[in-house]
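The values are calculated or read from the model by the stated rules, or taken from the named source; none is laboratory data. Everything numeric here is computed off the predicted structure, so don't read it as measured data. For neighbour counting, all protein chains shown are included, and Cβ atoms are generated from backbone atoms with ideal geometry for every residue, glycine included. Remember, those area values only see protein heavy atoms, side chains included, never the ligands or the DNA or RNA. Shrake-Rupley method; radii C 1.70, N 1.55, O 1.52, S 1.80 Å.
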Amino acid sequence: MKVVLLPGDGIGAEVSAVAAHVLRELPLQLELEEHLFGGAAIRETGDPLPPETLAACRAADAVLMGAVGLPELDRADVRPEHGLIRLRRELDVYANLRPARADGVDLLVVRELVGGLYYGQRGTRPDGTVFDTMEYRPDQVERIARRGFEIARGRRAQVTSVDKANILDTSRMWREVVERIAPDYPDVELDHMLVDNCGMQLVQAPGRFDVLLTENTFGDILSDVAAGVTGGLGLAGSASLGTDRPGIFEPVHGSAPDIAGKGIANPAAMLRSAALMLRHGLDEPAEAERLEQAVDAALAAAPTPDLGGGATTSELTGAVLSELRR
Ligand code: IPM
Ligand code: MG
């Protein structure tokens, strides 16, 4: 099985090195191939997603990604994030799964990943007005909604579809499509929630949710909130899946320039993304489970500063490796 590793920027490179190390310890025939991506790729080639990188990703069984983003490029015309947005679209990984777990909380954000505001028309008018547009086609909504219902079947069978149907036409269509296909999943309970209310409920009562089904931008925001109430971004991994391989597996966090180079990044989100890759991308559920358990045990033994502990990245990595060898 071939995995393309895109370390990217900041702590992305640090946690990617950890993932490579840990994956090589597993009893699997994994070929890891590193490619240039993000800010690092802009520096060398001017393009955050060079053609060779894209071709390698297409040919891989899975893509494992660190994080992209460089503060010095925040205002540039070509930004690292553009590479990420393009790669998601090129691989058509429309279903982004972001689990959040803590005591009494076990929810999954199912975020539409290749439509909406991120990909709509944008521009600047002569008077200086700048616009981004949110656009969805019904078939884009239908495929993510079906995915959400299907995934819910393997969980507690509750879907909360999140929108802003009191205001946005895209949300009204979203709700109609979800309602239309819901009868195909009579075993799954469905409710609808407005996104602002959902933000509050996530903070006050996250335990009430099972699957949160939502569009791209709402999912971006709500998945950070969900991570925040379940231990922070250092713990949150994600899987982005299309119809076939390869999927993209990446932490919810960014490149964290404030702590990059200090050796204190929490690699758990990346390792959990690697576990999601084993389960959803490479059909290795047993190794996924083993890795997840090793990460949980290591986090309890050697918490990093984001969790109030004092462990470094390499100490936590060491703890994961010794759990795996037990
Ligand atoms: C995420 C990130 C990305 C997004 C950024 C880096 C473009 O915030 O994966 O949640 O907005 O999708
Ligand atoms: Mg985000």
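Normalised by the residues of the chain, what does the relative contact order come to in percent, with Cα pairs under 8 Å and at least six apart?
Here the relative contact order equals 20 percent.
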What is the set of long-range amide H partners of Leu5 at a cut-off below 5 Å, with H atoms built 1.01 Å from backbone N? Glu33, Glu34, His35, Leu64
Would you give the gap between the C-alpha center of segment 21-47 and the C-alpha center of segment 95-168, rounded to a whole Å? 28
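Could you calculate, for segment 1-141, the ratio of the Cα radius of gyration to the Kirkwood radius, expressed as Rg to Rh? Kindly include the intermediate steps, with their values, before the conclusion.
On the way: Rg = 17.4 Å, Rh = 17.1 Å.
On the Cα set of segment 1-141, Rg over Rh gives 1.02.
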The chain, accessible area per residue, ligands and nucleic acids excluded (1.4 Å, Å²): 43
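Relative to the compact-globule scaling 2.2 N^0.38 Å, provide the ratio for the alpha-carbon radius of gyration of segment 69-177.
So the Cα radius of gyration is 1.28 times the expected 2.2 N^0.38 Å.
Just need the relative contact order of segment 31-152 here, percent rounded to a whole number, with Cα pairs under 8 Å and 6+ apart. Can you show the working numbers first?
Working: 141 pairs, mean separation 20.3, N = 122.
Taking the mean separation of contacting Cα pairs over the length of segment 31-152, I get 17 percent.
Which percent of the Cα-Cα distances in segment 122-162 go past 17 Å? If you can, show how the numbers build up before the last one.
Values: 440 of 820 pairs.
Summing the P(r) tail past 17 Å for segment 122-162 gives 54 percent.
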Which whole-Hz couplings ³J(HN,Hα) result when phi for each residue of segment 319-326 is put into the Karplus expression 6.51 cos²θ - 1.76 cosθ + 1.60, θ = phi - 60°, listed in order with x for Gly and Pro? 5, 5, 5, 6, 4, 5, 7, 5
What list of ³J(HN,Hα) couplings, whole Hz, do you get for segment 287-295 from phi and the Karplus terms 6.51, -1.76, 1.60, once you set θ to phi - 60° and write x for glycine and proline? 5, 4, 4, 4, 5, 4, 5, 5, 5
Can you list residues whose amide H is under 5 Å from Leu190's amide H, if they're 5+ apart or on another chain and H is modeled 1.01 Å from N? Val159
By the scheme Lys and Arg +1, Asp and Glu -1, what is the net charge of all other residues having a beta-carbon under 14 Å from that of Ala269? -3
Given backbone amide H placed at 1.01 Å from N, residues whose amide H is under 5 Å from that of Ser255, ignoring those fewer than 5 places away on the same chain, are Val68
If you add up the charges near Leu36, with Lys and Arg at +1 and Asp and Glu at -1, over every other residue whose beta carbon is less than 15 angstrom from its beta carbon, what do you get? -4
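Would you mind computing the Rg to Rh ratio of the chain from its alpha-carbon coordinates, Kirkwood style for Rh?
Details: Rg = 19.3 Å, Rh = 20.1 Å.
Radius of gyration over Kirkwood radius for the chain works out to 0.96.
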I need the phi-derived Karplus couplings for segment 170-180: 6.51 cos²θ - 1.76 cosθ + 1.60, θ = phi - 60°, integer Hz, Gly and Pro marked x. 4, 5, 5, 5, 3, 5, 4, 5, 4, 4, 5
